[in-house]
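Asker: Sharing a structure here in structure tokens format.
The values are calculated or read from the model by the stated rules, or taken from the named source; none is laboratory data. The structure displayed is predicted, hence computed values, not measured ones. For neighbour counting, all protein chains shown are included, and Cβ atoms are generated from backbone atoms with ideal geometry for every residue, glycine included. Just the protein is used for accessible areas: all its heavy atoms, side chains included, with ligands, DNA and RNA removed. Shrake-Rupley method; radii C 1.70, N 1.55, O 1.52, S 1.80 Å.
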Amino acid sequence: MEDMKEIILEYVIEEYCDEENDDVTFDTPLISGGIVDSFSMVSLKRFLENKYKISIPDADASPEAFDTVNKIEVLVKRFQ
Amino acid sequence: MAYSDKIKEIYQNQLTGIQEAGLFKQERFIHSSQDAEIEVEFPTGSAPKKVINVCANNYLGLSSHPEVIKAAHEGLDTRGYGMSSVRFICGTQDIHRELENKVSEFLGTEDTILFPSCMDANAGVFEAILTSEDIMISDRLVHASIIDGMRLCAAQHDTFKHSDMAHLEKKLQLHADKRLKVVINDGVYSMDGDTAKLDEMAALCEKYDALLFVDESHSSGFIGKTGRGTHEKCGVMGKIDIITTTFGKALGGASGGCVSGRKEIVEMCRQKARPYLFSNTIAPVVVSGVLRVLDILSQSTERRDKLEENTKFWRKGLTEAGFVLKDGDTPIVPVMLFNAKLAQDFSKDLFDLGIYAIGFFFPVVPQGAARIRTQISAGHEMHHLEKALDAFIQVGKKYDILGKTKQEIIEMYGN
Ligand SMILES: Cc1ncc(COP(=O)(O)O)c(C=O)c1O
């Protein structure tokens, strides 16, 4: 199975990046760094929920919890 | 007294935080009416200085037009000052309905409903027409008022990359199972001055059976051959289901907004939109002014034609001088400086030379994309634009950025 972090990073680059900002790594700040605005975060949440068959309560889907790929992996594992 | 020291301190700390982050916004007092030339008190306490204004949304130069002022006076005399009521109790005059009909005619739509502002139109429309079975798919750069409106609505939401039609199509496919789909975007984007691909969007919406929403605040009155807006420019008049726009920019610049489009959607807003139901509508004096504005624009395209000529001159002048601009052909012309401090210093130097233009930087625009946003008006005469151009070149030389690429400017000043 592909590494979860790799899968999430791939989605983030595909969904949020263009030529100007595609040098994202596992600990690039996504939301505080202005790559993902908090309003667009919803598609990432939907992707994670569908891909890993989990449900992340809105209260846990905070901008802080989604700020880096590393943190997102922790979050997903918490709800698996 | 409930306003204890503890409460006071909470706010003081937050305000200090805003100040320390360099995000504190300060008003500048203008001692004249809005025009190509204005008198600005800056810094606060100093004597007002006469400057050429290149940062107003006064695209058609109608904000202080004598005929509009005359019509407003007449409205004041015949319909009074205030309504002291919301629309559906006793706050609707004949001229409110007349304006709604005139706007529908101007935009080529079925019906229109007035709102106190376009902020209110955007805040109220989605909640009035969508439910949790529906999806709103918005461009990532839509105006803050649209974001607020979407947040107030129970419908699901998703976003697509700015003006990326392939990404939008993917999202339309992804959400094929939803009851209603609405694609949401601005006609002209106020920070970059680029235009939405409304023709492609209309085709996609037809293909996937989605509604199309566009905020025309920075287009109504001057974009398109007869100034009807982005839908005219893109050849899709009659194909936009929901248009919101403001009377607070090109269309006289006072205040007020509307939702215009499909009859049933407008009627839903009349029944359910909260900013319409629970707030007074546009004051009679302003309604009278806007009616006159629409008459002026329907009789002749002279003003929007002049704006187009002015814009061409301005873009050409800045490009030839060696500035980095954002591509486009609208009167919103961002002069890219990339670094926030450079944008602020540049703006201050321009002011000293008699030109009023403001620097924009993060978080209003993305990090590393600081700029001076210039906005051209039909109210500008050639001598205004020539003087402004001279000043830009003089300050550009001072900072040695003329003829430099984005990369070179960033190397010199950081981003
Ligand atoms: C795209 C857009 N929509 C809506 C608004 C709000 O307009 P109003 O001043 O009528 O509330 C603005 C004004 O800044 C705007 O730029």
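Asker: So how long is each side of chain B along the principal axes, counting just the alpha-carbon atoms, biggest first, in Å?
Answerer: 60, 57, 56
Asker: Moving to a separate point now. Taking square-rooted eigenvalues a ≥ b ≥ c of the alpha carbon gyration tensor, is segment B:330-389 rounded, prolate or oblate, where a/c under 1.5 means rounded and, failing that, a/b exceeding b/c means prolate?
Answerer: oblate
Asker: Which value, in Å² and to the nearest 10, is the accessible area of B:M191 when all protein chains are kept and the probe is 1.4 Å?
Answerer: The value for B:M191 is about 40 Å².
Asker: Which value in deg cm²/dmol, rounded to the nearest 500, describes the helix-derived mean residue ellipticity at 222 nm for chain B, given -39,500 (n - 2.57) per DSSP H run of n ≥ 4 and division by the residue count?
Answerer: Estimated from H runs of four or more residues: -13000 deg cm²/dmol.
Asker: Please work out the average accessible area per residue across segment B:1-102, using the 1.4 Å probe convention, and give it in Å².
Answerer: Per-residue value: 65 Å².
Asker: Take the Cβ-Cβ distance between A:D18 and B:S32 as r, set R0 to 30 Å, and report the resulting FRET efficiency rounded to the nearest 0.05. Mind showing how you got there, number by number?
Answerer: Working: r = 43 Å, r/R0 = 1.44.
The value I calculate is 0.10.
Asker: Right, here's the next one. In segment B:66-299, what percentage of the DSSP-assigned beta bridges are antiparallel, given to the nearest 5? If you can, show how the numbers build up before the last one.
Answerer: On the way: 11 of 28 bridges.
Looking only at bridges with both residues in segment B:66-299, the antiparallel portion is about 40 percent.
Asker: Which of the residues in segment A:1-21 lose at least 40 Å² of accessible area when you go from the chain alone to all protein chains together (probe 1.4 Å)?
Answerer: Output list: A:E14, A:E15.
Asker: Report the net charge of residues surrounding B:T244, where surrounding means a beta-carbon distance below 11 angstrom and charges are Lys +1, Arg +1, Asp -1, Glu -1.
Answerer: Net charge in that neighbourhood comes out at -4.
Asker: Is there a pair in A:K77/B:K272; B:K25/B:K239; B:K49/B:K233; B:K249/B:K316; B:K207/B:K406 whose C-alpha atoms are over 32 Å apart, and which pairs would that be?
Answerer: A:K77/B:K272; B:K25/B:K239; B:K49/B:K233; B:K207/B:K406
Asker: Carbon and sulfur together cover what percent of the accessible area of chain B at a 1.4 Å probe radius?
Answerer: The computed percentage sits at 53.
Asker: Among B:K178, B:K171, what's the order by accessible area (1.4 angstrom probe), most exposed first?
Answerer: On the way: B:K178 35, B:K171 10 Å².
The ranking, largest first, comes out as B:K178, B:K171.
Asker: I'd like the interface area for chains A and B: accessible area of each alone minus the complex, both sides summed, 1.4 Å probe, protein heavy atoms only. What is it in Å² to the nearest 100?
Answerer: 1200
Asker: Residue separation times 0.36 nm, minus the C-alpha to C-alpha distance between B:Q173 and B:Y3: what's the value?
Answerer: Working: separation 170, 0.36 × 170 = 61.20 nm, distance 5.30 nm.
Extra length from B:Q173 to B:Y3 when fully extended: 55.9 nm.
Asker: Shape call for segment B:6-140 from the C-alpha gyration tensor, a ≥ b ≥ c root eigenvalues: rounded (a/c under 1.5), prolate (a/b greater than b/c) or oblate?
Answerer: Cα axes put segment B:6-140 in the oblate bin.
Asker: For the full complex of protein chains and a 1.4 angstrom probe, list A:Y16, B:Y81 by accessible area with the highest value first.
Answerer: B:Y81, A:Y16
Asker: If you don't mind, another one. Using the per-residue mean of other Cβ atoms lying within 10 Å as a proxy for protection, in what order, highest first, do the peptides B:13-19, B:183-189, A:68-74, B:32-38 fall?
Answerer: B:183-189, A:68-74, B:32-38, B:13-19
Asker: Let's test the formula: R0 of 30 Å, r as the Cβ-Cβ distance of B:N13 and B:K348. What FRET efficiency results, to the nearest 0.05?
Answerer: 0.55
Asker: Could I ask something else about it? Using label points projected 7 Å from each Cα along Cα→Cβ, tell me how many nm separate B:H73 and B:Q367, to one decimal.
Answerer: 5.5
Asker: Taking only the alpha-carbon atoms of segment B:312-415, what semi-axes of the equivalent ellipsoid follow from 5 times the gyration tensor eigenvalues under a square root, in whole Å, largest first?
Answerer: 20, 14, 13
Asker: Please calculate the 1.4 Å probe accessible area of B:R151, with all protein chains present, and give it to the nearest 10 Å².
Answerer: Accessible area of B:R151: about 140 Å².
Asker: Let me ask something else. If I ignore ligands, DNA and RNA and count only protein heavy atoms, how much of B:K70 is accessible to a 1.4 Å probe, in Å² to the nearest 10?
Answerer: That residue has around 130 Å² of solvent-accessible surface.
Asker: Determine the dipole magnitude for the protein assembly as shown: charges of +1 sit on the beta-carbon of Lys and Arg, -1 on that of Asp and Glu, nothing else is charged, the reference point is the Cα centre, and the result goes in debye to the nearest 20.
Answerer: Once rounded to the nearest 20, the dipole reads 900 debye.
Asker: Of all DSSP beta bridges located in the protein assembly as shown, what percent are antiparallel, nearest 5?
Answerer: Counting DSSP beta bridges with both partners in the protein assembly as shown, the antiparallel share is about 60 percent.
Asker: Rounded to the nearest 20 Debye, what is the dipole magnitude of segment B:66-299 about its Cα centre when Lys and Arg each give +1 and Asp and Glu each give -1 at the C-beta?
Answerer: Taking the Cα centre of segment B:66-299 as origin, the dipole is about 180 debye.
Asker: When the solvent-accessible surface of protein heavy atoms is calculated with a 1.4 angstrom probe, in what order do B:V324, B:V54 fall, highest first?
Answerer: B:V324, B:V54
Asker: Could you tell me which of rounded, prolate or oblate describes segment A:4-78, using a ≥ b ≥ c as the square roots of the eigenvalues of the alpha-carbon gyration tensor, with rounded for a/c under 1.5 and, failing that, prolate when a/b is larger than b/c and oblate otherwise?
Answerer: prolate
Asker: Sticking with this structure for a sec: Residues of segment A:37-76 losing 30 Å² or more of accessible surface, assembly versus chain alone, probe 1.4 Å, please list them.
Answerer: Residues losing area: A:F39, A:S40, A:V42, A:R46.
Asker: Using just the helices of chain A, give the 222 nm mean residue ellipticity in deg cm²/dmol: DSSP H runs with n ≥ 4 each add -39,500 (n - 2.57), and the total is spread over all residues, rounded to 500. The partial results should precede the final answer.
Answerer: On the way: 3 runs with 35 residues, N = 80.
Computed mean residue ellipticity for chain A: -13500 deg cm²/dmol.
Asker: Another question about this same structure. Using only the alpha carbons, work out the radius of gyration and Dmax of segment B:66-299 in angstrom.
Answerer: Cα only, segment B:66-299: 17.2, 56 Å (Rg, Dmax).
Asker: May I ask you to order B:391-400, A:26-35, B:109-118 by the average number of other C-beta atoms within 10 Å around their residues, highest value first?
Answerer: Taking the mean over residues of other Cβ atoms within 10 Å, the ranking is B:109-118, B:391-400, A:26-35.
Asker: Gain in length, B:T131 to B:F278, computed as 0.36 nm per residue apart minus the alpha-carbon separation, to one decimal in nm?
Answerer: Stretched out fully, the B:T131 to B:F278 stretch lengthens by 50.9 nm.
Asker: For the charge dipole of segment B:1-152, defined by +1 on Lys and Arg C-beta atoms and -1 on Asp and Glu C-beta atoms about the Cα centroid, which residue among B:G108, B:S132, B:G22 has the Cα displaced farthest towards the positive pole?
Answerer: Value: B:G22.
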